[in-house]
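Student: My questions will all concern the structure given below.
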Amino acid sequence: RAPAVRVGVNNNTTGVFFGTERSRHANQLAVDTLTAYFAGDLFLGDHSVRFGFDYEANDVFNLFLQDVFGSYNFASIDAFAARQFSAAGSPFGGVGYRLQSPINGDVNSAAAQFEVATLGLFLQDTWTVNSNLTLSYGVRVDKLTADDEPAFNAGALTAFGFDNTVTADGETTVQPRVGFNYTFDTERATQLRGGFGLFQGSGPLVWLSNTYSNPGVLTRVLPVSSGTGFSADPDNPLRPAGTPPASLVDILAPDFSQPTVWKVNLAFEHELPWYGVIASAEYLRTIVRKGIRYEALNLGAPRGALPDGRLSYWTSLNTAGFGPSGPIGPGNVNRAGRNIAFDNVLLLSNTDQGAATNFTLALEKPFSDDWGARAAYTYGRSTDVNPGTSSVAFSNFTNRAVFNPNEEEVGTSIYETRDRFQGSLTKRFRFFQDFPTTFGLFYDGREGRPFSFTFVGDANGDGINGNDLFAVPDLSSIAYTGNSSANDRAAFERFVREVPNLNDNQGQTADRNTENSPNVNQFDLRISQDLPGFFGDNKAVVFVDIQNIGNLIDKDWGQIDEVGFPYNQQIARFAGVNAAGQVVYDVANYVNESTGAETFPRPGRRDGVAESRWAVQVGFRYEF
């Protein structure tokens, strides 16, 4: 039987994990939601006025504590047998063992328990100016209330200058909007439409919940770099002697606002003279007004800089402080200048950086005469500071590639799809006269997801593995570790030359998300058959959906190969800086010396929930 604790035997290239995944040691969510909505319309001649409100209140109990039973990392099977945990290969960032414990012993006391409500008021006038032009304009106002406060952490206020009891209570967002639709007096239908306004989405409630879950006074986190010991008993976890307790604190900036964006769109649509086909062009521009930004307040003062100028938080950059599996401690530790009374201290604030542009050209034949079709191409560009991929504040901070961890640096977003082609063809056959058979074929072809080139391990000493942007070496002058063989070096240099974004940037640091995984092409098919109903004009429909039918035809079609989450491709291990001021690269894993097999960094097969395989769904619908 697997233990309740989380155990990893991991050396960065191969690994096995067993026990209970660390985020499930204490994980329970209950939300009571109350909603209300009212809208009314008032007709005044050429004006149609809509007004009303919506209201949502959420009463939250969110228990989420990682590592309550203890989480271990062992560098090898032998180390596991000897119960010697270490940071070598650890996914925890310089930590071989981590334990989080409720201070009063009751795990439920550390749950986030609070209520958040949002009241929205809206007013819009639609004015039919004439038979050609319609204008709409209005405003929406959202107000958030959060009367409950996180537990106060006086030490965090003294150490970092931020009051952790700040909430978003009273935040009010005014969102003006205007739009138009103009129909031309032409033989075939032609229209121009557009709009502009401010929009506030429903930001994940868990981002606010983190401040209640992690005030730093309800639990203590005990991170240990290396040591000896092991306990599989969740009620009696290992508590290493002499380890100072450190608290994890999540703080909301005093001026934090829910995410909002400005949106502007303009579209032109015209009916062509053939088969009623409609040609359209649409431009959509989104500009961040309030995005999210996470800062780590407890990195400590940097101890120096790497040759490319990025800050370093290592005790020393001397190559003697780095081994084949990472830093050699305790002489060389990351975040050397941090406040040891605290673990990670994260501040959630706003940024006004980031934008997205999409331009779509389409041809559509509306369904008539038993067939319809559509073909479209979309060009997209997207930038952001933080993609907000996680519910955990620390994960949101770590899950993006960085040059310096706390910089407000805007870059290509992982959500960007530069080129996308879509098509559909629907055809109805009347094999059974009154009960038609319909075939629908759908195509989606898109550029692969962006990803970043990064170092293996922790290059800048901020305690985070795999997220430091890769400093591409000048292959004419490069320093290697002693365990990087001649074969390893040759394979690494060949890999750099074969990847244009690396070869063209020798001697420079890679930018965020400048590379793309392979393109994706998939087809889906739907077959539906109308059947007679049991009463009057009722009818039944049976349908078959075949998702990714190309993969059914040929197992090599319809595959999704991409660099996995968080979309960082690790290239070589950082092994310190030598006396000549050069970064030293460890590329020992490129070639297996006993077999001669080469291993290059490559995208992997995305198939966690069968995205790269075909699937069939059969359904039945009865229409009254």
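Student: Give the residues of the stretch 543-566 that are farther than 18 Å from Ala615 by Cβ and either open to solvent by 30 Å² or more (accessible area, probe 1.4 Å) or in a helix (DSSP H, G or I) (or both), sorted by residue number.
Tutor: Residues of the stretch 543-566 farther than 18 Å from Ala615 by Cβ: 561-566.
The answer is Asp561, Gly564, Phe565, Pro566.
Student: I would also like to ask the following. From the residues in the stretch 266-321 that are open to solvent by 30 Å² or more (accessible area, probe 1.4 Å), in a strand (DSSP E or B) and of a type in the set (Phe, Trp, Tyr), which one is farthest from Phe397 (Cα to Cα)?
Tutor: Filtering the stretch 266-321 for residues that are open to solvent by 30 Å² or more (accessible area, probe 1.4 Å), in a strand (DSSP E or B) and of a type in the set (Phe, Trp, Tyr), the one farthest from Phe397 (Cα to Cα) comes out as Phe268.
Student: Of all residues in the stretch 295-339 being closer than 29 Å to Gly15 by Cβ and aliphatic (A, V, I, L, M), which is farthest from the chain's Cα centre (by Cα)? Give the derivation first.
Tutor: Looking only at the stretch 295-339, we keep the residues that are closer than 29 Å to Gly15 by Cβ, and these are 296, 298-299, 306, 310, 312-336, 338.
Narrowing the set further to residues that are aliphatic (A, V, I, L, M) leaves 296, 299, 306, 317, 320, 328, 333, 336.
Working: Ala296: 18, Leu299: 23, Leu306: 28, Leu317: 32, Ala320: 36, Ile328: 32, Val333: 29, Ala336: 29 Å.
So the residue we want is Ala320.
Student: So, restricting to strands (runs of 3 or more DSSP E) that lie completely within the stretch 161-227, which ones have at least 2 residues that are within 30 Å of Thr128 (Cα to Cα) and open to solvent by 30 Å² or more (accessible area, probe 1.4 Å)? Show your work before the answer.
Tutor: Working: elements: 172-183, 190-200, 219-224.
In the stretch 161-227, 172-183, 190-200 are the strands (runs of 3 or more DSSP E) which contain 2 or more residues that are within 30 Å of Thr128 (Cα to Cα) and open to solvent by 30 Å² or more (accessible area, probe 1.4 Å).
Student: Within the stretch 368-399, can you find the residues that are part of a loop (DSSP other than H, G, I, E, B) and within 17 Å of Ile287 (Cα to Cα)?
Tutor: Val385, Asn386, Pro387, Gly388
Student: Going through the stretch 69-108 one residue at a time, which ones are of a type in the set (A, V, I, L, M), within 22 Å of Val16 (Cβ to Cβ) and in contact (Cβ under 8 Å) with a residue 24 or more places away in the chain?
Tutor: Residues of the stretch 69-108 of a type in the set (A, V, I, L, M): 75, 77, 79, 81-82, 87-88, 95, 99, 103, 107.
Of the ones still in play, those that are also within 22 Å of Val16 (Cβ to Cβ) are 75, 77, 79, 81-82, 87-88, 95, 99.
Scanning the stretch 69-108 gives Ala75, Ile77, Ala79, Ala82, Ala87, Ala88, Val95, Leu99.
Student: Could I ask something else about it? Looking only at the stretch 249-261, count how many residues are assigned to a strand (DSSP E or B), in contact with a Ser or Thr (Cβ under 7 Å, 6 or more places away or on another chain) and not hydroxyl-bearing (Ser, Thr, Tyr).
Tutor: 4
Student: Next question, about the same structure. Against the definition (out of contact with any Asp or Glu (no Cβ under 9 Å at 6 or more places or on another chain), open to solvent by 80 Å² or more (accessible area, probe 1.4 Å) and of a type outside the set (D, E, K, R)), how does Leu123 come out, yes or no?
Tutor: yes
Student: I'd like to check something: does the stretch 54-67 contain any residue that is surrounded by 22 or more Cβ atoms within 10 Å (Cβ to Cβ) and not in a loop (DSSP other than H, G, I, E, B)?
Tutor: yes
Student: Among the residues of the stretch 400-453, which ones are outside any strand (DSSP E or B) and closer than 30 Å to Asp530 by Cβ? Break it down into steps so the answer makes sense when it comes.
Tutor: Going through the stretch 400-453, the residues outside any strand (DSSP E or B) turn out to be 400-401, 403-410, 413-418, 430-436, 447-449.
Within the stretch 400-453, Arg430, Phe431, Phe432, Gln433, Asp434, Phe435, Pro436 qualify.
Student: Condition (residue is open to solvent by 50 Å² or more (accessible area, probe 1.4 Å), among the β-branched types (Val, Ile, Thr) and under 30 Å from Gly329 (Cα atoms)) applied to the stretch 100-107: is it met by at least one residue?
Tutor: yes
The values are calculated or read from the model by the stated rules, or taken from the named source; none is laboratory data. Here the structure is a predicted model, which means the values were calculated and not measured. Neighbour counts are summed over all protein chains in view; Cβ atoms, including those assigned to glycine, are modelled from backbone coordinates with ideal geometry. When the accessible area is computed, the model is the full protein with side chains, heavy atoms only, and any ligands, DNA or RNA have been set aside. Shrake-Rupley method; radii C 1.70, N 1.55, O 1.52, S 1.80 Å.
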